[in-house]
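Q: Please read through the structure below; I'll follow up with questions.
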Amino acid sequence: MAAHRCGLSVVCILIFSSLAHPSSCDTLEKANDNTATKRRISEVNTDGSVAGEDMNERQWQSTDVEVNRSDGTKNGETFAPAKDQFQEELVIRPLHSGDIYASFQFRTLWDTDFLQEGQKKVSHYRLFPKSLGQVLSKFSVQELHISFTQGFWRTMQWGQPFIPSPPGAELWVWFHDTVSDVDGNWKELTNVLSGIFCASLNFIDMTNTVQPSASFKPLGLGNATDHRFLRYATLPREIVCTENLTPWKKLLPCGSKAGLAVLMKSEKLFHSSFHSQAVHIRPICQDEQCTSKAWELRQTLNVVFDHYTSGQGKKEWSLFKMFSRTLTEACPLASSSKVYVDITDNPEGELFELSPATPLLSQAVVLGDRRTYSVYDLTRAETFGQLRSFNLLLRWKGDSGDMLRPLLHAERYVAGFGLQTGEIHTVIYNNHPYRAFPVLLMDSVPWYLQLYIHTLTVTSKSRDNKPSYIHYQPAKDRHRPHLLEMLIQLPPHSMTEVTVQFERALLKWTEYTPDPNHGFYVGSSVVSALVPSMVAMSTNFTQDQPLFSSFVPVKEESSYFVRVYTEPLLVNLPTPDFSMPYNVICLTCTVVAVGYGSFYNLLTRTFQVDEPSPPLAKRLANFIRRIRGVPLLA
Amino acid sequence: MGLLSDPNRRKALTNLLTRLNAPICMVCYLAAIVWFMGLAFEPFTLRTYMSENAMGSTMVEERFSSGERALSLAKEFDAHKRKAGGMPVEWLVKAMQARGLEVFTQSFSRKLPFPDENKERYMVRGTNVYGILRAPRAPRTEALVITAPCSPGNSDNQAVGLLLALAQYFRNQIFWAKDIIFLVNEHDLIGMQAWLEGYHHTNITGMEYSPLQGRAGSIQAALSLELSSDVITSLDLILEGLNGQLPNLDLANLFYAFCQKLGVLCTIQGKLQRNDWDTAEGYTHAAQTMMLMVLKQACGRSWGDHGLFLRYHIEAASIRGINGFRHYKMDVATIGRLLEGMVRKLNNLLERLHQSYFFYLLPSLSRFVSIGYYMPAFGLLAVILLLRVSFPGLDHFTFFNPSGPGVLTVLTPVVISHLTGVALYLLPVHLQEMAVEHFPVSETEAVVLTAVAIYTAGLALPHNTQRLLSGEGTEQGWKVLKLTALLYLAVLLGCTALINFSLGFVLAVTLVPITASMTPHMPKALSALAMVLLSPAFTILYCVFIYQELIEAPVSVGEGWMLFLSVISQGILDHALYGSLVYPLLALFIYPCWLMFWNILFWS
């Protein structure tokens, strides 16, 4: 397979290089134009920002139209049979806390639709990884989302991530509605994925799998609503490390040999505050008319670097410092390869300074906010400059101001003490000043925390807040977890608290983990919401947006979709002292020997009236009488 | 085991026990005392060792070096504390934020049931400030806590300074696996109680507090820091917590290991370790250290800010800097390194501390007595009660004998004694206003003196009233009552000793001899005097004197009496504020039980 791919990539490189020249010339000119416009924009900005925004919009659109056209020509002329496509991008966002958020996204499009009749067998792979393609076809997967996260996304400091994920591993899969044995498929699929990603996904079984009725809808094509074909599971304890990163990198067409993936050196990626890698596979439309389907594979990797621990006090950042690598080329197989830097908070360059500066600007509406980005196109030679290497440098000048509070935020904790009962508190904040909006809260609690659902309370602003929809599936001991889904209306600028009491079960002694005193994990609860947007969201799909802004389909302009994960819980269960069996055996043996022995003796013995033993003299006399044969004394 | 089933042998045993009952009891009592005192003898104790693998073998290199910064921060904190006249909340919030922590505050208020004269407080209002260092790539499930109190006056500034310096240093390290909470609590234990209740969202003592905004999962261990001077010569480890709970012994071992490693002089109960166990002085020293621990544990209060953590199953200890031994001086950086080492090892924990002992006594930091060794001392005392239960001359009657005494005979004194106990528990606090109106005393004095008065009144009450109710007492009547009382005392002391060995043992030592030998036929005046002198209240008084003697601050009788009164008021306050159980135990159970014996003495 590797040889096959090598050969393919050589062909592709040849084709690309022949095509790259004219288009790059185009963009070069365009870039010059852009510098001019940018200057104008900055001038305009001092007067009125509205005009500036309009200009930006135009500029952004025009660049993209350019890309579209070049794509079109490619497809039309040489790529007619092989329409697979690969895009890569890196978004760097300097956060208000001083940290740096780097988000990689790689998108591979595969123009095939093996779920259609007659096309079951696909044996030819170009850019799409064969290992995943086979999994998709074998298990009739409609949509697959898997994420491995080490750390917790700090919404209050960092804002919303592009694609959220809970700590540990998360896997949710929509199966095709022709599948008859969903549970069987799911079981096998988790085991196969466990092998592919070198993770302990094989620990997913019926005791931690749920079928959410509303929280997880398909993100791709298809209006599947029957949640019988959905499976969702998390492993909050999963530890993510290099061994998970390596197989993930191998799914990329260029591997980690070229393109943005060069930066992924695990030594640096795991020297960070947050690390999350994910794979999302879904069917999407091949073109605007949506006449045929294509598979989209998105691989995302999100890292947050901490300026305290690695910067040694110096607030200065460069690609080299972050990743101990610089970029020298785009992935030759990529149709687009870009680096975006979020400069929304830095319109005049007073907050930080970027070098090399770029003339290209782009605007996108992400998570209800219009953001401006500097764009570095890696497919163009001048990005790399004289040294043939691209090392983005970010130098902080001033202290960043306070961040706007994220509109939706949630946290969770266990209240109470002792090992018998407890209470799970989930607190959801709506920080919108005047809009109320509904959220879907999903909780999946393992069976060994026995929820008392009658104690469920939802309060906002110290008043009872009745959920308009509750889906509760009670747990079955050792078979399935609790599933609680609720639709709660959050009043504006409020804190909503959901509490439910539980009792800790006493496990069988073989059911304890090898480190029972560490505690048992309860996965994050999931809050999904359509949050009112401050700016109009663009609902236009066909536009070739940057990858980070186009993951979740936007249905209406006034709101955007957000998913927030709370922290997982660590709960202590009553744990026996495991050196105890020895003591217990000793004790039981003693009790049985002493207690049972004497009781048995007492119960089985026949009692007779004991004649008092005659005194010694009488006994002696009787002895003599017996010898003499005279009748004995009474 | 033919012993029980063979009537002859059983009879022989019974005869032996009946005949030699008094001598056996005496021997048991003496053996218990000797056994207990022997626990401090070094060859009989075990050497401490680290049980937890995660903390034992891992290497930790301490690099903390900003001792000077800690001291300057302490000065700054002191200045701001003076300016604010209490917790300098704003300054502390800024200082913590500047060090890259997530900072939160919690305000609380508490009205004490009566004014606390030792600490001069009644209406308590304060703010706790805490900052959370989020561990990189950790999902907020586990946390460690380091606390320093914000105390009035000059004390504990250095602790806060060191806390901030440590926060700054820790923030720059990448190796944390657990979040670290740096807490500065106001009004010592009250603030700590408010914070812990807020963190666990419980309310067991009627505290008013604002809910906490930031949390970091389940707390695995906590260290409380008390430093009051720039120059420290030794560090004292305080383990005794609320209700006599102790943290896992591994925490003490960890402290000791790092003191050894860094060459820091360390003490426990303020007493240095000696190596001459084979001399009389060496033994006395160890015995004194152990006795101090027993007394501190028996009184059931929290001897440092750490003590309240133990209720929440969080292993915690206080480390107090002492400036007393001239020749050893160490700078703050050394203490910082010691704390760094301890926190890093705690950070390595994979499970909660559970490997080592939870029940132990420490004659020195390097030696310990485990529960298996000290329990026989109590067992020998409990056996006396059981021996007396079996053979108080109860040859020919049983409970079920229809001609025996009526239930009322026994029930009346039991009920009356317990009602007196309830009065002793409830009235002092509830009657304080009335008492203050009628007598020229302060509220605190009123509470304590009411308690003493009810206690004394109880001595006159029961034996008179029961006579009114059930007429003349019979010979069998007192025997049944004694049987009940002995069983009751045995159960009470047994349960107490299981939870708090020291309390159980101290009570047993004083209560057992007199209760075991009590009959109505003894000389009234003499036995009454003996009983009063061995009553629970006098036990407390003796403990006060012995404690003062042991900490080398002997007091005169007058001062001792004042201390005794303040101990009682502190006991009542500890119960109301933190839920200490010693006062209710004494008032509701031990004292009524003792009254039942008092009743037997005056049986007629």
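Q: How far apart, in nm, are two points set 7 Å out from the Cα along the Cα-to-Cβ line at A:ASP183 and at B:ASN323?
A: Taking the two extended label points, one gets 7.1 nm.
Q: Using a simple charge model, +1 on the beta-carbon of Lys and Arg, -1 on the beta-carbon of Asp and Glu, nothing else, what dipole does the range A:164-315 show about its Cα centre, in debye to the nearest 20? Mind dumping the intermediate values first?
A: Details: 15 positive and 14 negative charges, 136 e Å.
Magnitude of the dipole: close to 660 debye.
Q: So how much slack lies between B:ASP276 and B:GLU549, counting 0.36 nm per residue of separation and subtracting their Cα-Cα distance, in nm?
A: Difference between extended and current length: 96.1 nm.
Q: Short version: which residues of the range A:480-525 lose at least 10 Å² of accessible area, all chains versus chain alone, 1.4 Å probe?
A: A:ASP515, A:ASN517, A:HIS518, A:TYR521
Q: For the protein assembly as shown, state the semi-axes of the equivalent ellipsoid (square roots of 5 times the eigenvalues of the alpha-carbon gyration tensor), sorted largest first and rounded to whole angstrom.
A: Details: eigenvalues 1054, 275, 155 Å².
Listed largest to smallest, the semi-axes of the protein assembly as shown are 73, 37, 28 Å.
Q: Please tell me which of these pairs span more than 25 angstrom C-alpha to C-alpha: A:LYS268/B:LYS178; A:LYS83/A:LYS257; A:LYS265/A:LYS293; A:LYS321/B:LYS94; B:LYS83/B:LYS119?
A: Numbers: A:LYS268/B:LYS178 20 Å; A:LYS83/A:LYS257 23 Å; A:LYS265/A:LYS293 35 Å; A:LYS321/B:LYS94 29 Å; B:LYS83/B:LYS119 21 Å.
Long pairs (Cα-Cα over 25 Å): A:LYS265/A:LYS293; A:LYS321/B:LYS94.
Q: With a 1.4 Å probe and all protein chains kept in place, how much accessible area does A:VAL592 have, in Å² rounded to the nearest 10?
A: Only protein atoms counted, so the area is about 80 Å².
Q: What accessible surface, in Å², does a 1.4 Å probe find on A:TYR521, ignoring ligands, DNA and RNA and rounding to the nearest 10?
A: Accessible area of A:TYR521: about 40 Å².
Q: If Lys and Arg each add +1 and Asp and Glu each add -1, what is the summed charge of the other residues whose beta carbon sits under 14 Å from the beta carbon of B:PHE439? Provide the component values of the computation, followed by the final result.
A: Values: positive: none; negative: B:GLU433, B:GLU437, B:GLU443, B:GLU445.
Charge balance in the 14 Å sphere: -4.
Q: Considering amide H positions built from the backbone, and no H for Pro or chain starts, which residues 5 or more places from B:ALA316, or on another chain, come under 5 Å of its amide H?
A: Here B:ALA222, B:ASN248 satisfy the definition.
Q: Compute the Cα gyration tensor for the range B:244-349, then decide on rounded, prolate or oblate, letting a ≥ b ≥ c be the square roots of its eigenvalues: rounded whenever a/c is under 1.5, prolate when a/b is larger than b/c in the other cases, and oblate in all that remain.
A: Numbers: a/c = 1.81, a/b = 1.09, b/c = 1.66.
Here the range B:244-349 falls in the oblate category.
Q: Using the Cα gyration tensor of the range A:145-232, with a ≥ b ≥ c the square roots of its eigenvalues, what is the shape: rounded (a/c below 1.5), prolate (a/b larger than b/c) or oblate (neither)?
A: Details: a/c = 2.28, a/b = 1.34, b/c = 1.70.
It comes out oblate by the Cα gyration axes.
Q: Report, in degrees rounded to the nearest 10, the 0 to 90 angle that the Cα long axis of helix B:501-517 makes with the longest principal axis of chain B.
A: So the helix axis and the longest Cα principal axis differ by about 10 degrees.
Q: Calculate the dipole size of the protein assembly as shown relative to its Cα centre from +1 charges on Lys and Arg beta carbons and -1 charges on Asp and Glu beta carbons; express the result in debye to the nearest 20. Intermediate values should be presented prior to the final figure.
A: On the way: 103 positive and 107 negative charges, 685 e Å.
Taking the Cα centre of the protein assembly as shown as origin, the dipole is about 3300 debye.
Q: With a 1.4 Å probe, what is the total accessible area buried between chains B and A, in Å² rounded to the nearest 100?
A: Numbers: alone 25820 and 30680 Å², together 53340 Å².
Using a 1.4 Å probe on protein heavy atoms, the buried area is about 3200 Å².
Q: On a 0 to 90 degree scale, rounded to 10, what angle separates helix B:7-19 from the longest Cα axis of chain B?
A: In chain B, helix B:7-19 runs at an angle near 80 degrees to the longest axis.
Q: Additional query: Once phi is turned into ³J(HN,Hα) by the Karplus curve 6.51 cos²θ - 1.76 cosθ + 1.60 with θ = phi - 60°, what whole-Hz value does each residue of the range B:369-383 show in order, with x for glycine and proline?
A: 10, 8, 4, x, 8, 8, 5, x, 4, 6, x, 4, 6, 5, 4
Q: Which residues belonging to the range B:119-144 lose at least 20 Å² of 1.4 Å-probe accessible area when the assembly is complete, relative to their chain isolated?
A: B:ARG134, B:PRO136, B:ARG137, B:PRO139, B:ARG140, B:THR141, B:GLU142
Q: Determine the sum of side-chain charges near B:TYR130: Lys and Arg each +1, Asp and Glu each -1, restricted to other residues whose C-beta is under 12 angstrom from that of B:TYR130.
A: So the surrounding residues net to -2.
Q: Using only Cα atoms and rounding to the nearest 10 degrees, what angle (0 to 90) does helix B:536-550 make with the longest principal axis of chain B?
A: For B:536-550 against chain B, the angle is about 40 degrees.
Q: If a cysteine in chain B has no other Cys Cβ under 4.7 Å from its own Cβ, put it on the list, ordered by number.
A: Those would be B:CYS25, B:CYS28, B:CYS150, B:CYS299, B:CYS495, B:CYS543, B:CYS593, since no other cysteine Cβ in chain B comes under 4.7 Å of theirs.
Q: Classify the range B:58-365: rounded, prolate or oblate, from the alpha-carbon gyration tensor (a ≥ b ≥ c, eigenvalue square roots; a/c under 1.5 rounded; otherwise prolate if a/b is larger than b/c)?
A: Numbers: a/c = 1.38, a/b = 1.23, b/c = 1.12.
It comes out rounded by the Cα gyration axes.
Q: Report, by chain and number, residues whose modeled amide H sits under 5 Å from the one on B:ASN185, excluding near sequence neighbours (fewer than 5 apart, same chain).
A: B:ALA148, B:CYS150
Q: Same structure, new question: Give the peptides B:557-563, A:134-140 in descending order of average Cβ contacts within 10 Å, highest first.
A: Working: B:557-563: 12.7, A:134-140: 17.7.
With the highest mean Cβ count within 10 Å placed first, the list reads A:134-140, B:557-563.
Q: Per the 1.4 Å probe, what fraction of the accessible area of chain B, in percent, lies on carbon and sulfur atoms?
A: On the way: 15350 of 24230 Å².
C and S fraction of accessible area: 63 percent.
Q: Just grab the label-to-label distance for B:ALA84 and A:LEU603, each label 7 Å out from Cα along the Cβ direction, in nm (one decimal).
A: 7.1 nm
Q: Report the one residue of B:VAL383, B:LEU46, B:ALA446 whose Cα lies farthest in the direction of the positive end of the charge dipole of the protein assembly as shown (charges on C-beta: Lys and Arg +1, Asp and Glu -1; origin at the Cα centre).
A: Of the listed residues, the answer is B:VAL383.
Q: How big is the dipole moment of the range A:84-396 about its Cα centre under a simple scheme where the beta carbon of each Lys and Arg is +1, that of each Asp and Glu is -1, and everything else is neutral? Debye, nearest 20, please. Kindly include the intermediate steps, with their values, before the conclusion.
A: Numbers: 31 positive and 32 negative charges, 133 e Å.
Computed about the Cα centre, the dipole is about 640 debye.
Q: If Lys and Arg each add +1 and Asp and Glu each add -1, what is the summed charge of the other residues whose beta carbon sits under 13 Å from the beta carbon of B:ASN243? Walk me through the numbers before you get to the answer.
A: Values: positive: B:LYS296, B:ARG301, B:ARG311; negative: B:GLU240, B:ASP574.
Once positives and negatives cancel, what remains is +1.
Q: Over the range B:58-365, give the accessible area per residue in Å² for a 1.4 Å probe, as an integer.
A: On the way: 10400 Å² over 308 residues.
Here the residues of the range B:58-365 average 34 Å² of exposed surface.
The values are calculated or read from the model by the stated rules, or taken from the named source; none is laboratory data. No experiment lies behind these values; they were computed from the predicted model shown. Ideal geometry is used to build each Cβ from the backbone, glycine not excepted, and the neighbour counts take in all protein chains shown. The accessibility values were calculated without ligands, DNA or RNA, using every heavy atom of the protein model including side chains. Shrake-Rupley method; radii C 1.70, N 1.55, O 1.52, S 1.80 Å.
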